[in-house]
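Novice: Sharing a structure here in structure tokens format.
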Amino acid sequence: MQALTNRVIAVNRKPITFVESLYLWNILKGMMTTFSHIFKKKPTIYYPEVKRPFSPVFRGLHVLNRDEEGRERCTACGLCAVACPAEAITMEAAERVEGEEMLYREEKYAAKYEINMLRCIFCGLCEEACPKDAIYLSETFAPANFNRRGFIYGKPDLLIPNPLSQAADLALAKGN
Amino acid sequence: MTLLSIDTALVIEKLILIAVIIFASLGIALYTTFAERKVAAILQDRPGPNRAGPFGLLQPFADGLKLIAKEEIIPSGANKWLFILGPGLAMTAALMTCAVIPWGDKVELFGRTIALQVADINIGFLYIFGVVSLGVYGVMIGGWASNNKFSLLAALRGASQAISYELAMGLSMIALLMMTGTLQLGEIVKQQTGPGHHWNVIYQPLGFLIFLVCAFAECNRTPFDLPEAENELNFGYHQEYSSMKLGFYLFSEYINMFISSAVMATLFFGGYDLPFFNPANHTPNFAATIGIITLMAKVVMFIFFFMWVRWTVPRFRYDQLMNLGWKSMIPLALVNMLVTAVVILMRH
């Protein structure tokens, strides 16, 4: 029969030799192999103490961005929700009223903005779809939770700290 | 009436010795479970348990606490009394063996000479064999009383395995017995100590090999761990057990390992004898301490060997196990016995 690939190895059907039938020699060889592993370097990363760095293109938990004056950039256009292949994003828009100019950048803003982290596949299409640079994927991931409700992240969870009034928190969140 | 006079001090002395040995065996078994996990980890390039205490040293206590805190379940179809008796019997049989092992020579305390052996009975070997055979009842009763087909199958396997390998073990012992001329363990160790005497393993290498393999089978250790073959019998004979009853079963396995290591060290590796160390040149207490340390070092080496084999060799298939036991081990032991007999006859 013609071989399908060049990696075919014929099954060895030779009856076992006398030395093999004694088991002992082969067991000894095996034990030498395991013994040599005592001196091998362990590849373990001691997780909570040592963390492996993420790659620069890592796509983690989302953040909702503010502009340099601390105003929310999101205008609740819904493009991220449309782009989302997992349908993890929902939002409700509201109109900015008089006196809220320092809170929201444009006349329309997201009154409610929720991402279900159990649905999210962290593809980053929301980030690409956003015309206002309002949503970004950060370099952390969603922590574990005891119930499903806890995985639905609302605006308080997603918004970054205000660069003017909460500068220290923002620096902490950025990791410096 | 002198016949009935009891030396109270002797009774107290023996009771203290029993308590010390039992607690030491339990403590060593406790840390053997830890060592097992550590050795497994190191052989597999992992760090192993390292969270509880420094280097994970409190891990066995955490494991024990967890087992005690678990719910105690007795299945409704189980035979309640036998179900409880099983682990107790396994544990008792495991602990009883340590009575005849000489842990060291004599120490002098409070003006008394105390032998570091609970009972130097003249049928030491036979006693060990008897008690080891009792250990099978723990497995059998536990498996039977669980009312679970997997447990029953595992128990059947365990019993047939133990019987098959006890035969070869007994035959290898007969060869040793012909050499030593005594069944008394204290006497066997004395024969191996001192200048001009050698450890029995030099005279009986094949006998030792057979004994070693059979000890693996008796302790239900890999490659002979068929009674607790996880991937074919779920968990084996202790499948229905929970909480500390399961703990007793798991624990008795480690105590068995410790005791059989001690027996092997005693029978074949000179017990508490340290080569090139003459106890007569030192005070008895110092010599006894060195002796205990020597025996423990030998035991630890055997225990490591047990683990090393466990994490190297895969489990035998049932028919391979039986073939090895009946068609290789027993004939080999018989040949060993014959050769020993011939050599002894020629030298006379």
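Novice: Suppose we filter segment A:26-74 for residues that are aliphatic (A, V, I, L, M), more than 22 Å from B:R51 (Cα to Cα), open to solvent by less than 80 Å² (accessible area, probe 1.4 Å) and within 12 Å of chain B (Cβ to nearest Cβ); how many remain?
Specialist: 2
Novice: In addition: Of the residues B:A78, B:A99, B:A93, which single one is within 19 Å of the chain's Cα centre (by Cα) and at pLDDT below 85?
Specialist: After applying the criteria, what remains is B:A99.
Novice: If a residue has to be in contact (Cβ under 8 Å) with a residue 40 or more places away in the chain and acidic (D, E) to count, how many in segment A:128-169 make the cut?
Specialist: 3
Novice: Now a separate question. Are any residues in segment B:289-313 more than 14 Å from chain A (Cβ to nearest Cβ) and either over 16 Å from the mean Cα position of the chain (by Cα) or of a type in the set (V, I, T) (or both), and if so, which ones?
Specialist: Our first condition is that a residue be more than 14 Å from chain A (Cβ to nearest Cβ); within segment B:289-313, this holds for B:289-300, B:302-303.
Matches in segment B:289-313: B:T289, B:I290, B:G291, B:I292, B:I293, B:T294, B:V299, B:V300, B:I303.
Novice: Could we say that B:P195 is touching a residue at least 24 places away in the same chain (Cβ under 8 Å), farther than 19 Å from B:S261 by Cα and under 18 Å from the mean Cα position of the chain (by Cα) here? Write out each step before concluding.
Specialist: Details: touching a residue at least 24 places away in the same chain (Cβ under 8 Å): yes; farther than 19 Å from B:S261 by Cα: yes; under 18 Å from the mean Cα position of the chain (by Cα): no.
No: the conditions fail for B:P195.
Novice: Considering every residue within segment B:203-225, establish whether at least one is aliphatic (A, V, I, L, M), over 30 Å from B:P331 (Cβ atoms) and in contact with a helix residue (DSSP H, G or I) (Cβ under 9 Å, 6 or more places away or on another chain). Spell out how you get there, then give the answer.
Specialist: Of all residues in segment B:203-225, those aliphatic (A, V, I, L, M) come to B:206, B:209-210, B:212-213, B:215, B:217.
The next check asks that each one be over 30 Å from B:P331 (Cβ atoms); those that pass are none.
Taking every residue of segment B:203-225 in turn, none turns out to be aliphatic (A, V, I, L, M), over 30 Å from B:P331 (Cβ atoms) and in contact with a helix residue (DSSP H, G or I) (Cβ under 9 Å, 6 or more places away or on another chain).
Novice: Now, a different point. Of these, B:G142, B:G170, which one is at negative phi and surrounded by 23 or more Cβ atoms within 10 Å (Cβ to Cβ)? Don't jump to the end; show me each part of the working.
Specialist: Values: B:G170 fails: surrounded by 23 or more Cβ atoms within 10 Å (Cβ to Cβ).
Exactly one of B:G142, B:G170 is at negative phi and surrounded by 23 or more Cβ atoms within 10 Å (Cβ to Cβ), namely B:G142.
Novice: Can you tell me which of (1) farther than 23 Å from A:M117 by Cα; (2) more than 14 Å from chain B (Cβ to nearest Cβ); (3) open to solvent by 70 Å² or more (accessible area, probe 1.4 Å) is the one A:P85 doesn't meet?
Specialist: (1)
Novice: Can you list residue pairs whose Cβ atoms sit under 6 Å apart, with the first residue in segment B:293-308 being farther than 17 Å from B:T33 by Cβ and the second being surrounded by 15 or more Cβ atoms within 10 Å (Cβ to Cβ) and not small (G, A, S)? Count only pairs 6 or more apart in sequence or on different chains.
Specialist: B:T294/B:Y272; B:T294/B:L274; B:L295/B:Y272; B:K298/B:F269
Novice: Within segment B:205-226, can you find the residues that are surrounded by 23 or more Cβ atoms within 10 Å (Cβ to Cβ) and in a loop (DSSP other than H, G, I, E, B)?
Specialist: Matches in segment B:205-226: B:C219, B:N220, B:F224.
Novice: Please note which helices (runs of 4 or more DSSP H) are completely contained in segment B:276-348 and include at least 2 residues that are at pLDDT 90 or above and open to solvent by less than 60 Å² (accessible area, probe 1.4 Å).
Specialist: B:284-310, B:330-347
Novice: If I ask for residues that are over 26 Å from the mean Cα position of the chain (by Cα), among the aliphatic types (A, V, I, L, M) and surrounded by 15 or more Cβ atoms within 10 Å (Cβ to Cβ), which ones from segment B:34-75 would you list?
Specialist: Scanning segment B:34-75 gives B:A52, B:I74.
The values are calculated or read from the model by the stated rules, or taken from the named source; none is laboratory data. All of these numbers come straight from a predicted model, not from anything done at the bench. Virtual Cβ from ideal backbone geometry, glycine too; neighbours counted across all protein chains shown. Surface areas here come from the heavy atoms of the whole protein model, side chains and all, with no ligands, DNA or RNA. Shrake-Rupley method; radii C 1.70, N 1.55, O 1.52, S 1.80 Å.
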